[in-house]
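The values are calculated or read from the model by the stated rules, or taken from the named source; none is laboratory data. Note that this is a predicted model, so its numbers are computed, not measured. Ideal geometry is used to build each Cβ from the backbone, glycine not excepted, and the neighbour counts take in all protein chains shown. All accessible areas refer to the heavy atoms of the entire protein, side chains included, with ligands and DNA or RNA removed. Shrake-Rupley method; radii C 1.70, N 1.55, O 1.52, S 1.80 Å.
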Amino acid sequence: MSRLSFSSTLLASFLLIAAILGTAALGGLLTLEDFAARSREGAKHALGFSSALQELGERTVDLERSARQFLVLGDPVLLERFEQARDDSMTALVWIAGLGSTKSQRLVNQWSDAAERVAAALNTRAGADVALQALGELPVLNEQLAAELRLQLEAESKRLLDELDGNREQLAWHLLVAVTAAFLLAALTGWWVLRPLTRVEGAIEALGESRFDEPVIIGGPADLRRVGRRLDWLRVRLADLEANRTRVLRHVSHELKTPLASLREGIALLKDGVVGELTAGQHEVVGILEHNTRALQLRIEGLLGYNAAVFDARSLKRRKVALRPLVEAVVAEQQLQIQSRNLHVDIDVNGNIPPLSADPDKLRIALANLVANAISFSPHGGKVRLKIARQLRDVTIDCIDEGPGVPENESERIFEPFYQGSRQPAAPRHGSGLGLSIVREFIDAHGGKIELLPTSTGAHFRIALPNES
């Protein structure tokens, strides 16, 4: 069965289930056909017995009339009629004897004996009394035969009904066994086919989360096993690409940092006058070089940190997280920056917020970057508002500051790495422009989204996380 494809497995299972149910139905049909045939045969025999009994009654009347007339008139023709009636009666008696019961056979023999005694009395003219006495026995025997026939037919009918009940019970058991076997076969087939699909889904999720350490092994039908082999090939390929990417990034950063360090040393030597005193213009040039080399170093370190954050965002360790304590902890971690700028941070929770299924560490990093961005752009003595609310399908976190805001045409670019925005706060700030990019990466990894909402003053960011409760 392991060589069958997915469609072949389903087809084979369907045919087996159809064969099981069809066999049970055919068995029931054959049983009913057999019962119907025997019922028809029984009805035919019952009709034959009834006709024979009726014929026997009519011939008995003819026989008695002929015998009585012969006793009075002595006409040989009447004796011939008697003999003819007796022969016809014997034909009916032969049919009635087919009932097979002991009593019916005994009654048939008595009837035949009585008819013989009448015939003997008429032929030998032994006396009218003997003939009349024997003739009187015939109607009584007819009634007894009729009663016996009714009993035999009722017994046969009861036997058929009992057999019908037995067949019906047997058919019910057959159907129950067939349906149970079909259900078990369907369940087994479903388990055998769907289990590999679950593994395929898990393997795809693992690849999407950059977990390349576990080999992909898929069982089941041949085509699903073939898909498993291709997924494992893809896993190995992605692992190689990721290793190459990390190696290239590490080499590039090393290759950049080494000459950059030498450049900074040279600038420091020039600034310290090791190679001679510098003029005012030269000091200015050295300062520009020093500033740019420091900025370049920050860019390199920021690029490495951003790539590490993007890679880390793919692997989430979800558990139930209460949002309010998490937001309060993030604000508490940045109290020094808040106090240094004399800011006021409000946390407003609207309604009962259910715990979310999230990675608390990565969600903390996203919120910390968002709050740090608001603090960095807020004016001295300003206010930052954090609002947590429950929507129909999402839980939202709004971060609103009183800074210079973001122009409408920059609402999408503000989330790009290293993009600083055209509006900067009055006080100087030091940042790489990666904070909001990291926020978006981590929120996207949770299945949520972050957007910049239009506002007249400041900046209004909203995070929407799926509410799975």
*Within the group Ile204, Ile218, which residue is of a type in the set (A, V, I, L, M, F, W, C), touching a residue at least 12 places away in the same chain (Cβ under 8 Å) and open to solvent by 60 Å² or more (accessible area, probe 1.4 Å)?*
Ile204
_Kindly evaluate Phe183 against the criterion of being outside any helix (DSSP H, G or I) and either open to solvent by less than 40 Å² (accessible area, probe 1.4 Å) or over 30 Å from Ala239 (Cβ atoms) (or both)._
no
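Can you spot a residue in the stretch 118-132 that is open to solvent by 80 Å² or more (accessible area, probe 1.4 Å), β-branched (Val, Ile, Thr), farther than 21 Å from Ala46 by Cβ and out of contact with any Asp or Glu (no Cβ under 8 Å at 6 or more places or on another chain)? Steps first, answer last, please.
Applying the first criterion (open to solvent by 80 Å² or more (accessible area, probe 1.4 Å)) to the stretch 118-132 yields 123-125, 129.
Those still in the list that are β-branched (Val, Ile, Thr) too: 124.
Then drop every residue that is not farther than 21 Å from Ala46 by Cβ, which leaves 124.
Checking which are out of contact with any Asp or Glu (no Cβ under 8 Å at 6 or more places or on another chain) leaves us with 124.
Within the stretch 118-132 (the criterion being open to solvent by 80 Å² or more (accessible area, probe 1.4 Å), β-branched (Val, Ile, Thr), farther than 21 Å from Ala46 by Cβ and out of contact with any Asp or Glu (no Cβ under 8 Å at 6 or more places or on another chain)), the answer is yes, since at least one residue qualifies.
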*Please find, among Val384, Val331, the residue that is in contact with a helix residue (DSSP H, G or I) (Cβ under 6 Å, 6 or more places away or on another chain) and either on the phi > 0 side of the Ramachandran plot or not small (Gly, Ala, Ser) (or both).*
Val384
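Residues checked against (1) assigned to a helix (DSSP H, G or I); (2) surrounded by 13 or more Cβ atoms within 10 Å (Cβ to Cβ); (3) of a type in the set (Lys, Arg); (4) touching a residue at least 24 places away in the same chain (Cβ under 8 Å):
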site	(1), (2), (3), (4)
Ala134	yes, yes, no, no
Glu143	yes, no, no, no
Glu148	yes, yes, no, yes
Leu151	yes, yes, no, no
Glu154	yes, no, no, no
Leu164	yes, yes, no, yes
Glu169	yes, no, no, no
Val179	yes, yes, no, yes
_With the requirement that a residue be open to solvent by 30 Å² or more (accessible area, probe 1.4 Å), at pLDDT below 85 and small (Gly, Ala, Ser), what does the stretch 381-418 give you?_
Ser411
*Does any residue of the stretch 372-380 turn out to be loosely packed, with under 13 Cβ neighbours inside 10 Å, modelled with pLDDT of 85 or more and at positive phi?*
no
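Yes/no per residue for (1) more than 37 Å from the chain's Cα centre (by Cα); (2) closer than 15 Å to Ser376 by Cα; (3) at pLDDT 85 or above; (4) part of a helix (DSSP H, G or I):
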{"position": "Gln420", "(1), (2), (3), (4)": "yes, yes, no, no"}
{"position": "Pro425", "(1), (2), (3), (4)": "yes, yes, no, no"}
{"position": "Arg429", "(1), (2), (3), (4)": "yes, yes, no, no"}
{"position": "Asp444", "(1), (2), (3), (4)": "no, no, yes, yes"}
{"position": "Ile450", "(1), (2), (3), (4)": "no, no, yes, no"}
{"position": "Ile463", "(1), (2), (3), (4)": "no, no, yes, no"}
{"position": "Glu468", "(1), (2), (3), (4)": "no, no, no, no"}
*asked:* Of everything in the stretch 148-206, what is aromatic (Phe, Trp, Tyr) and more than 18 Å from Leu16 (Cβ to Cβ)? Give them in sequence order.
replied: Trp173
*List, please: which pairs have Cβ atoms under 7 Å, are six or more places apart or on different chains, and start with a residue in the stretch 441-469 that is under 23 Å from Arg385 (Cβ atoms) and end with one that is modelled with pLDDT under 85 and hydroxyl-bearing (Ser, Thr, Tyr)?*
Leu452/Ser411
*Within the stretch 331-356, how many residues turn out to be buried (at least 17 other Cβ atoms within 10 Å of the Cβ) and touching a Lys or Arg at 6+ places or on another chain (Cβ under 6 Å)?*
1
_Boolean, Ala43 is touching a His at 6+ places or on another chain (Cβ under 8 Å), surrounded by 12 or more Cβ atoms within 10 Å (Cβ to Cβ) and modelled with pLDDT under 75_ = no
*Could you say which residue among Phe35, Phe70, Phe82 is closer than 30 Å to Val177 by Cβ, open to solvent by less than 80 Å² (accessible area, probe 1.4 Å), aromatic (Phe, Trp, Tyr) and out of contact with any Asp or Glu (no Cβ under 6 Å at 6 or more places or on another chain)?*
Phe35
*asked:* Which pairs turn up if I take residues in the stretch 104-122 that are assigned to a helix (DSSP H, G or I) and look for partners that are of a type in the set (D, E, K, R) with beta carbon separation below 7 Å, at least 6 apart in sequence or on another chain?
replied: Ser104/Glu148; Leu107/Glu148; Ala114/Glu137; Ala115/Arg86; Ala119/Arg86
